[in-house]
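S.K.: Before I ask anything, here is the structure I am working with.
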Amino acid sequence: MSEFQFKLSDEQRRLAADVRAVVQNEFKPRSQTFMDGAFPWPNIRRLAEMGILGMAVPRAYGGMELGVFDTALVLEEIAKGCYVTAMAVLGEVGTQTRIIATYAPEAVKQRLLPGVARGEHLLSICMTEPHAGTDVAAYKTNVELRGSSLVLNGEKSLVSRAEEASAFVVFARVNGQEGRDGIGCVLVDKHAPGLVHANRSHSMGGEFLHTIRFENCELPTENLLLGSGSLKKLLSAFNTQRCLNPAISLGLAEGAFAEALSYAQNRTAFGRRIGEFQGLRWKLADMWREIEAARGLLYRACAGANPFPDPLLAATAKIFCNEMSVRVTSEAIQVFGGYGFTDEYPVSRMYRAARYGSLGGGTSETLRDLIGKRLMAEEDIDGIFDLAES
């Protein structure tokens, strides 16, 4: 049997408590104001003052240099009060920042990372294409080395924070090399000639998602973060997203549960608090049970990150947290009855936001297939539950 023990350190508890206080007192009361697509700049600036935006930035560049676990704890707290802010912060503490911090040339690190830590530079990641999401090998966006510069052509869709971003981390094939082995990564500054904002769509969660085109977009050679043959490194870094995305799902479920529990304790019907009816008590018990199960899976995946999480544990946690969040936020609406269907109460917003989890960072179908393939390749059936530690 594999062993797993974890306990939050005093520093982690203080970090979570500090963020919780700011989120509940400042962010939550104004969370509805960002549902029309407005970017939560006041919240981002407040978190920058606390150093939160530098969690993925090494100390040498002015950051906190915290691991995946600490970052997940913070995103969990933010999501309890404001999903739009949690998603904005995810861009600063997630894959794109960690790719730059781990793989970028020194000149790029010095140019961008201090500003990320101070909240002056926002980063966006560009992966999905109109014809290909999970199918990375089918990406058409291509960067060519032409003399002393790079030239990027292609189109990316479902891009977050495109209007606010200072720079974009773009997955692209290099010099037209086909297949998965041809994939690398480039950095595109927001003022690069040939960067075109094509259109945007408003999402269920409140954000705008954008389509961006690169039309003979010329870049300096130092902006090639990783050349061809780097997909494994890129996906290892991207695996971080499969712990941070579900941290937001977990926070949404916890926030919705807290709202439902408070309502059940204070709303009366037939002369009794509605939480005193067995049907409601059992509903609350099931919501609590699912949240606690999800928390255990996610914390285990985060605790083992070194520096990136184990793919099997991350995939397992992500599927469970994403799908649990939809169930729990839906049940929270049920506790509120008809009022839960209105925007007067936050549970309806949490339900809409929860639906994103199983779409971003790898769909549940893709991750189930990843888990299944790894299980089918395992020869030591008796030691199957030690698989994630191998």
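The values are calculated or read from the model by the stated rules, or taken from the named source; none is laboratory data. All figures in this text were calculated on a predicted structure; none of them were measured in a lab. Counting neighbours? That spans all protein chains shown, and the Cβs are built from the backbone with ideal geometry, glycine included.
S.K.: Return a yes/no flag: does segment 215-223 have any residue that is crowded, with 19+ Cβ neighbours inside 10 Å, in a strand (DSSP E or B), without any contact (Cβ under 8 Å) to a residue 40 or more places away in the chain and in contact with a strand residue (DSSP E or B) (Cβ under 9 Å, 6 or more places away or on another chain).
M.R.: Scanning segment 215-223 turns up no residue that is crowded, with 19+ Cβ neighbours inside 10 Å, in a strand (DSSP E or B), without any contact (Cβ under 8 Å) to a residue 40 or more places away in the chain and in contact with a strand residue (DSSP E or B) (Cβ under 9 Å, 6 or more places away or on another chain).
S.K.: Of all residues being polar (S, T, N, Q) and in contact with a Pro (Cβ under 7 Å, 6 or more places away or on another chain) in segment 224-251, which is surrounded by the most Cβ atoms within 10 Å (Cβ to Cβ)? Just the residue, please. Walk me through it before giving the result.
M.R.: Quick first cut of segment 224-251, residues polar (S, T, N, Q) only: 228, 230, 236, 239-241, 245, 249.
Filter again for in contact with a Pro (Cβ under 7 Å, 6 or more places away or on another chain), leaving 239-240.
Numbers: 239: 23, 240: 27.
Looking at residues that are polar (S, T, N, Q) and in contact with a Pro (Cβ under 7 Å, 6 or more places away or on another chain), I get 240.
S.K.: Quick one: which of 184, 176 is in contact with a strand residue (DSSP E or B) (Cβ under 6 Å, 6 or more places away or on another chain) and not in a strand (DSSP E or B)?
M.R.: Values: 184 fails: not in a strand (DSSP E or B).
From the options 184, 176, the qualifying one is 176.
S.K.: List, please: which pairs have Cβ atoms under 8 Å, are six or more places apart or on different chains, and start with a residue in segment 341-369 that is free of Cβ contacts under 8 Å to residues at least 24 places away in the same chain and on the phi < 0 side of the Ramachandran plot and end with one that is β-branched (Val, Ile, Thr) and assigned to a helix (DSSP H, G or I)?
M.R.: Going by the 8 Å Cβ cut-off, the qualifying pairs are 341/333; 348/333.
S.K.: Applying the selection to segment 101-151, what residues are in a strand (DSSP E or B) and surrounded by fewer than 16 Cβ atoms within 10 Å (Cβ to Cβ)?
M.R.: Answer for segment 101-151, where residues must be in a strand (DSSP E or B) and surrounded by fewer than 16 Cβ atoms within 10 Å (Cβ to Cβ): 132, 144, 145, 146, 149.
S.K.: Count, please, the residues in segment 281-302 that happen to be of a type in the set (Gly, Ala, Ser) and either buried (at least 20 other Cβ atoms within 10 Å of the Cβ) or within 18 Å of residue 70 (Cα to Cα) (or both).
M.R.: Going through segment 281-302 one residue at a time, the tally reaches 3.
S.K.: Taking interchain pairs and intrachain pairs at least six residues apart, which have beta carbon atoms under 8 angstrom, with the first residue in segment 270-290 and free of Cβ contacts under 8 Å to residues at least 40 places away in the same chain and closer than 13 Å to residue 328 by Cα and the second among the aliphatic types (A, V, I, L, M) and outside any strand (DSSP E or B)?
M.R.: Hits for this filter: 290/253; 290/324; 290/328.
S.K.: Related question: Condition first: within 24 Å of residue 158 (Cβ to Cβ), touching an Asp or Glu at 6+ places or on another chain (Cβ under 7 Å), surrounded by 20 or more Cβ atoms within 10 Å (Cβ to Cβ) and not assigned by TED's automatic domain parsing to the domain that holds residue 224. Can you find one or more residues in segment 83-99 that meet it?
M.R.: We begin by selecting, within segment 83-99, every residue within 24 Å of residue 158 (Cβ to Cβ); these are 83-99.
Of the ones still in play, those that are also touching an Asp or Glu at 6+ places or on another chain (Cβ under 7 Å) are 84, 87.
Those still in the list that are surrounded by 20 or more Cβ atoms within 10 Å (Cβ to Cβ) too: 84, 87.
Checking the rest, the ones that are also not assigned by TED's automatic domain parsing to the domain that holds residue 224 come to 84, 87.
Yes, segment 83-99 contains at least one residue that is within 24 Å of residue 158 (Cβ to Cβ), touching an Asp or Glu at 6+ places or on another chain (Cβ under 7 Å), surrounded by 20 or more Cβ atoms within 10 Å (Cβ to Cβ) and not assigned by TED's automatic domain parsing to the domain that holds residue 224.
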